[in-house]
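The values are calculated or read from the model by the stated rules, or taken from the named source; none is laboratory data. Remember, predicted model here, so these are calculated numbers, not experimental data. With ideal geometry, Cβ positions are generated from the backbone for all residues, glycine too; neighbour counts draw on all protein chains shown. Surface areas here come from the heavy atoms of the whole protein model, side chains and all, with no ligands, DNA or RNA. Shrake-Rupley method; radii C 1.70, N 1.55, O 1.52, S 1.80 Å.
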Amino acid sequence: MDAVMRDVTGTGNSLRRRMHASTGRLAEWRARLWLRLRGWRILGRRVRTPAGEIDIIARRGATIAIVEVKQRRT
């Protein structure tokens with residue numbers, strides 16, 4: 001796969017970055033769906049803070065969860 005990306009874009013960085021971003025957005029969507037099906041209310045997504053980005057902020061009852069989503073191959 002890496003060889004194909006290099007052939008198309010030269011270095012492959014731009015295509016690789018877009019593929020990872022797309023995969024990350026899909027993983028975040030799955031995580032939000034999973035949380036909603038379990039009774040969580042999504043308060044925010046991809047929230048920018050001075051310290052970085054928070055993928056998901058969710059609430060269920062009096063509990064607020066700050067969620068970092070990681071996508072793995074397996």
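Would you pick out the residues in region 50-59 that are modelled with pLDDT of 95 or more and over 14 Å from the mean Cα position of the chain (by Cα)?
Selection gives 50, 58, 59.
State the number of residues belonging to region 1-28 that are assigned to a helix (DSSP H, G or I) and either at pLDDT 55 or above or of a type in the set (Asp, Glu) (or both).
Final tally of qualifying residues: 18.
Please determine whether any residue of region 27-44 is within 14 Å of the chain's Cα centre (by Cα) and in contact (Cβ under 8 Å) with a residue 40 or more places away in the chain.
Yes.
So which residues in region 34-74 are in a loop (DSSP other than H, G, I, E, B), more than 23 Å from residue 21 (Cβ to Cβ) and either open to solvent by 100 Å² or more (accessible area, probe 1.4 Å) or among the basic types (Lys, Arg) (or both), if there are any at all?
If the condition is that a residue be in a loop (DSSP other than H, G, I, E, B), more than 23 Å from residue 21 (Cβ to Cβ) and either open to solvent by 100 Å² or more (accessible area, probe 1.4 Å) or among the basic types (Lys, Arg) (or both), then 38, 62 are the ones that fit.
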